[in-house]
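Data first, discussion second: the structure below is written as structure tokens.
The values are calculated or read from the model by the stated rules, or taken from the named source; none is laboratory data. Given the structure is predicted, the values throughout are model-derived calculations rather than measurements. So basically every Cβ, Gly included, is an ideal-geometry build from the backbone, and we count neighbours across all protein chains shown. Note: accessible area is taken over every heavy atom of the protein model, side chains too, but ligands, DNA and RNA are not part of it. Shrake-Rupley method; radii C 1.70, N 1.55, O 1.52, S 1.80 Å.
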Amino acid sequence: MDTSMSRVRVWDVPVRVFHWLLVLSFAGAWLSAESERWRLLHVTLGYTVAGLVAFRVVWGLVGTKPARFASFVRGPAAVLAYLKGLLAGRAPHTTGHNPAGALAIVGLLGLAALTTGLGWATYNELGGDLAEEGHELAANLMLLLVGVHLLGVLVGSLAHRENLVRAMFTGHKRGQPDEGAQRAWAPLGALLLALVLGFWAWQWRSAPQPAAAWQTAAVEPAQAQGPLAALKAMLDDDDDDDDDKEGH
Ligand code: HEM
Ligand code: HEM
């Protein structure tokens, strides 16, 4: 371990709030994907993923130093050199994201944008089967890349003898002080969290009561009603609604 390095704050609060909300929303969107019954929950969590990615792109341009794309996205040569170093057991430690991790991060953000864009198109009946199949394919690719990301986090933690998962909670890693985040930006992190919770609460409240959701529908309830109607209906424990919600 390089003792010339000290403990510095690398991940500001917005990055950490973004990351764990993304994990939660992606997992929830994934788990609620299959059934028509969960569609509105799926869409709500999918929109959350899209909003989080939009935030992260802006923060990657104007945020703290370690959060900025310009500080961690590297070319293929740097990625290869890092991976070779890893295999040889002497990959250089980076204060922020390492070059290989950065590549996965860009891929995850890109696939999240693609998945949610195609999901939106499918939901609004644009783009036909192509959008629907593209949505599912993009989601599957993203899951695959999440697996690679987790493996990378494990390998990186072992190679550098540093608990990277803990750092994504505490914000602190070993590093040079001038490479850290100058400020924690806690109020911005709190605002991001409040916006997401507010969006979820608003979606929940604007979902009509289950009875209304299933009775008014000349159109498919999932399309016509507020986004969490399906979840409310499910919690209402009414089993007679299956005829009303034919898939498309
Ligand atoms: C749904 C799955 C996940 C997605 C989409 C995802 C996405 C991301 C993204 C976009 C970043 C970059 C953070 C930033 O700079 O803003 C990141 C970093 C990170 N993620 Fe995840 N993540 C996922 C799951 C997880 C899980 C389950 C863990 C822990 C067990 C984890 C641990 C980390 C760590 C430690 C970093 C920082 C890596 C480094 O030190 O360079 N991720 N992840
Ligand atoms: C990262 C976020 C998302 C993930 C991981 C995801 C994943 C999936 C998956 C895997 C399926 C296929 C389920 C199956 O039939 O087995 C699916 C279906 C669907 N998703 Fe998403 N999705 C996301 C975001 C969205 C968004 C934002 C919307 C709409 C605004 C959306 C709308 C839909 C719809 C309408 C279907 C059903 C398509 C059909 O008729 O078969 N999804 N999603």
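Can you tell me the Rg and Dmax of region 6-205, counting just the alpha carbons, in angstroms?
Gyration radius and largest Cα-Cα distance of region 6-205: 17.8, 55 Å.
How would you order 156-166, 63-73 from highest to lowest mean count of nearby Cβ atoms within 10 Å?
Output ranking for 156-166, 63-73: 63-73, 156-166.
Determine the per residue accessible area of region 6-205 with all protein chains present and a 1.4 angstrom probe, expressed in square angstrom.
So region 6-205 comes to 55 Å² accessible per residue, rounded to a whole number.
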